[in-house]
Amino acid sequence: CEMVRLGLAKNLADEASKYYNCFLKAEEEAREKKVGIWSSS
């Protein structure tokens, strides 16, 4: 994700979409961890 962020200035539209996908993936993983914590307790 860091490399994508560095590339934002050069190729905004393409890099922004890559970064957004990266962000969504991180959000999804965080949500799964929270759900796992809630369901186990």
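The values are calculated or read from the model by the stated rules, or taken from the named source; none is laboratory data. Everything quoted here is computed from the prediction, not taken from an experiment. As a convention, Cβ positions derive from the backbone with ideal geometry for all residues, glycine included, and neighbour counts pool all protein chains shown.
Miscellaneous remarks
- Pair list, Cβ under 7 Å, 6 or more apart: region 6-30 residue at pLDDT 75 or above, other residue aromatic (Phe, Trp, Tyr): none
- Boolean, GLY36 is surrounded by 10 or more Cβ atoms within 10 Å (Cβ to Cβ), modelled with pLDDT under 65 and more than 11 Å from the chain's Cα centre (by Cα): no
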